[in-house]
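Below is one structure, written out as structure tokens; the observations come after it.
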Amino acid sequence: MSRVKSKNTLPERLLFKELKSKGLIFKRHYDILGKPDIALVKEKVVVFVDGEFWHGRNFKEWKGSLSEFWFKKISSNIERDRKNRKTLRLKGWKVVRLWDKPILKDLKRETNKIIRCLHNN
């Protein structure tokens, strides 16, 4: 697991570039709870770019095919994400979670999710 890239993945780099092109000011891998991939500090918006396996996208559909180790690992990741999201919201942050594969398929659409969150501030 230590060889799995957790920072500056391709979906993150594409998102960084797209947000910069829109003139947005953000911090990468901001040092707060959950270590979000992107933080728009002034607007109090954080963005997590989640890998579908590691963070359990559609987990209910495929959890039965996992060994006990992986079932527990992914389940604990999902629970940690949920707790972090709740705590950040209680502290006044807006939390945007994006899956990695949709970023690769439709970068503009995924970027617009962040933009909409900013406009709802």
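Quick look at the values:
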{"read-out": "In the range 61-111, the residues that are farther than 14 Å from Gly34 by Cβ, loosely packed, with under 12 Cβ neighbours inside 10 Å, free of Cβ contacts under 8 Å to residues at least 12 places away in the same chain and not hydroxyl-bearing (Ser, Thr, Tyr)", "value": "Glu61, Gly64, Glu68, Phe69, Lys72, Lys105, Asp106, Arg109"}
{"read-out": "First in the range 12-38 and within 14 Å of Leu107 (Cβ to Cβ) and surrounded by 13 or more Cβ atoms within 10 Å (Cβ to Cβ), second anywhere and of a type in the set (D, E, K, R) and at pLDDT 95 or above, Cβ under 6 Å, 6 or more apart", "value": "Glu12/Asp37"}
{"read-out": "Output for the range 40-60, where each listed residue is free of Cβ contacts under 8 Å to residues at least 40 places away in the same chain and either more than 22 Å from Arg13 (Cβ to Cβ) or aliphatic (A, V, I, L, M) (or both)", "value": "Val41, Lys42, Gly56, Asn58, Phe59, Lys60"}
{"read-out": "Meets criteria (within 12 Å of the chain's Cα centre (by Cα), modelled with pLDDT of 95 or more and at negative phi) for Ile32", "value": "no"}
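Rundown of residues vs (1) part of a helix (DSSP H, G or I); (2) at pLDDT 95 or above; (3) aromatic (Phe, Trp, Tyr); (4) under 12 Å from the mean Cα position of the chain (by Cα), yes/no style:
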residue	(1), (2), (3), (4)
Val49	no, yes, no, yes
Lys63	yes, no, no, no
Thr87	yes, yes, no, no
Val96	no, yes, no, yes
Leu104	yes, yes, no, no
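The values are calculated or read from the model by the stated rules, or taken from the named source; none is laboratory data. Worth saying up front: this structure is predicted, and the values here are computed from it rather than measured. All Cβ positions, even for glycine, are placed from backbone atoms using ideal geometry, and neighbour counts span all protein chains on display.
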